Amino acid sequence: MSEHRALHAGDALLPSGWARNVLLRWDATGCLVEVRPDAERPSEVPAASGPVIPGMPNLHSHAFQRAFAGLTEFRGQAQDSFWSWRSLMYRFAERLTPVQVEAIATWLYVEMLEAGYTSVCEFHYLHHDLDGRPYADDAELALALLRAADRAGIGLTLLPVLYQNSGFGGQQPGVGQRRFIRSTDSMLRLLERLRPVCESQGARLGLAPHSLRAVAPDSLHDALAGLASIDDAAPIHIHIAEQTAEVDACIAWSGQRPVAWLLDHAPVDARWCLVHATHMDADEYRRAAATGAVAGLCPTTEANLGDGVFDFAAWREGGGRWGVGSDSHACVNAAEELLMLEYGQRLMTRQRNVGADAAQPSVATALTLAAVRGGAQASGRAVAGLAAGQQADFVMLDADHVALEGLNAQNMLSSHVFASQRSSAISSVWVAGQPRVAGGRHSLHRDASSSFVDARRQLLIESS
Ligand code: NGQ
Ligand code: ZN
């Protein structure tokens, strides 16, 4: 279909809501040049066989963790927690080779495309060799991720992570963190090295100070100044307030909660993505929402790790923007993140249809549109849905899936999110106008999955 650079959709989800008979046209660069509802289908333009929805930007990923998903679901001590999970995760991260990282990431990105994500923000902190020394090419592992994204055909925002300390106030890093550690200068050199590579593949380059635990105030300040001199609109992502122990440690260090500290000491604005801003007080919810920053919600990982529940109502009351990420990749499914987000809120508030509002009463439709908008902002790429000027990233639902067949388009999307038994109701996926998934499958599905399984097998043999 790519040679047509056009598609006619009987039903398509535009930023303003569902529209009928939408003619989509894009240019040679994959940018939408026309999105016209109530249009007749020109005879040469193919017709979509199911509803077309915008591709979801995945705003938070640590690719290597995909090979570790499912391997920490056992009792390791009297009370397991985020912190005991993290110790296991560090032990896993210690062993990964560049070839393994690339195999894991390639398969992960194939899975993402098959599951409705068309771009990903890679929060990349595995920088060095197994013994903690920089690789001969300091960008070795970042380049592996760039190649994986390019091969799978997913859009990329690459966020090299600044990581220097093991706790608030500049504490020395631990041995398990040695592959992550770099000076602020070496980070800025890495960004310079990566900039032309990212540009040549249409990837966006940003920066991720890992957390206030891992980056002390002076470094945060210098890194942000250095980033601004490279690209003053670049995305900035940070883990913040994920765990209550982190909030307590931040108060002990500074007298302030992490989000309040950040808002007082950093120029937080629409470039920022606050990942896992779970534990905020009412004032932080209000202030952070007002900055225009995106809340990076990772509902299935946050559930998996026992983080707590984000107060979605408080965030939205303040006009807060948000998007979703699959983070540790225990689950790689855009629809399921929306389901988990909504169900967490229902369990907490004892209400239903929390994600809907008067303007958009369908929960799945409202959540999809908001998450695409926020995810695009956090990505710093033109991937904000089906509108002229945005990239042609979209997903066609499988109208023949049993959960969807015979329903209207809005109910098809609702059933895709809430009633498809988590089997994929996605038929095809386009990124920048290129078909990447057809008949539910990516062309690399078989090869990439078997390389992934080989890499995981090797890693598990080494650890036994
Ligand atoms: C990470 N993941 O960097 O992979 C973190 C755990 C930390 C999540 N926060 C490590 N989900 O925060 O110290
Ligand atoms: Zn994370």
Practice task
Six or more apart or on different chains, Cβ under 7 Å: which pairs go from a residue in region 53-76 that's closer than 15 Å to LEU145 by Cα to one that's of a type in the set (Lys, Arg)? Could you list them?
Solution key: ALA67/ARG456
Completion exercise
Residue set ALA366, ALA356, ALA388, ALA382; condition part of a loop (DSSP other than H, G, I, E, B), of a type in the set (A, V, I, L, M) and more than 30 Å from LEU205 (Cβ to Cβ); output residue ALA356
Completion exercise
When region 235-274 is checked residue by residue, the ones that are more than 16 Å from ligand 1 (Cβ to nearest atom) and in a helix (DSSP H, G or I) are ILE251, ALA252, SER254, ALA260, TRP261, LEU263, ASP264, HIS265
Exercise for the section: Evaluate the following for SER362: is it over 20 Å from HIS62 (Cβ atoms) and among the polar types (S, T, N, Q)? Expected result: yes
Handout entry: Checking MET396 against (1) part of a strand (DSSP E or B); (2) farther than 25 Å from ALA356 by Cα, the condition it does not meet
Key = (2)
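Condition check ((1) within 20 Å of SER362 (Cβ to Cβ); (2) in a loop (DSSP other than H, G, I, E, B)) across all residues:
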site	(1), (2)
ASP11	yes, no
ARG25	no, no
ALA28	no, yes
ASP38	no, yes
ARG41	no, yes
Fill in the blank from the handout: Given (1) acidic (Asp, Glu); (2) surrounded by 24 or more Cβ atoms within 10 Å (Cβ to Cβ); (3) over 16 Å from TYR109 (Cα atoms), ASP393 misses just (3)
Handout entry: Residue check for SER219: closer than 16 Å to VAL161 by Cα and more than 24 Å from the chain's Cα centre (by Cα)
Key = yes
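Among what's in region 275-292 and is in a loop (DSSP other than H, G, I, E, B) and farther than 21 Å from ARG213 by Cα, pick the residue that is farthest from the chain's Cα centre (by Cα).
Going residue by residue through region 275-292, those that are in a loop (DSSP other than H, G, I, E, B) are 276-281, 291-292.
In the following step, the residues that additionally are farther than 21 Å from ARG213 by Cα were identified as 291-292.
Values: THR291: 20, GLY292: 18 Å.
That would be THR291.
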Problem - Yes/no for ARG204 being under 25 Å from the mean Cα position of the chain (by Cα), crowded, with 18+ Cβ neighbours inside 10 Å and closer than 25 Å to ASN304 by Cβ - result: no
Exercise for the section: Could you tell me whether region 204-215 includes any residue that is modelled with pLDDT of 95 or more, under 28 Å from ASP131 (Cβ atoms), within 16 Å of ligand 1 (Cβ to nearest atom) and among the charged types (D, E, K, R)? Expected result: yes
Practice task
Tell me which residues, restricted to region 302-349, are among the hydroxyl-bearing types (Ser, Thr, Tyr) and within 20 Å of PHE418 (Cβ to Cβ).
Solution key: SER326, TYR343, THR349
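The values are calculated or read from the model by the stated rules, or taken from the named source; none is laboratory data. Every value quoted in this text rests on a predicted model; they were computed, and no experiment measured them. So basically every Cβ, Gly included, is an ideal-geometry build from the backbone, and we count neighbours across all protein chains shown.
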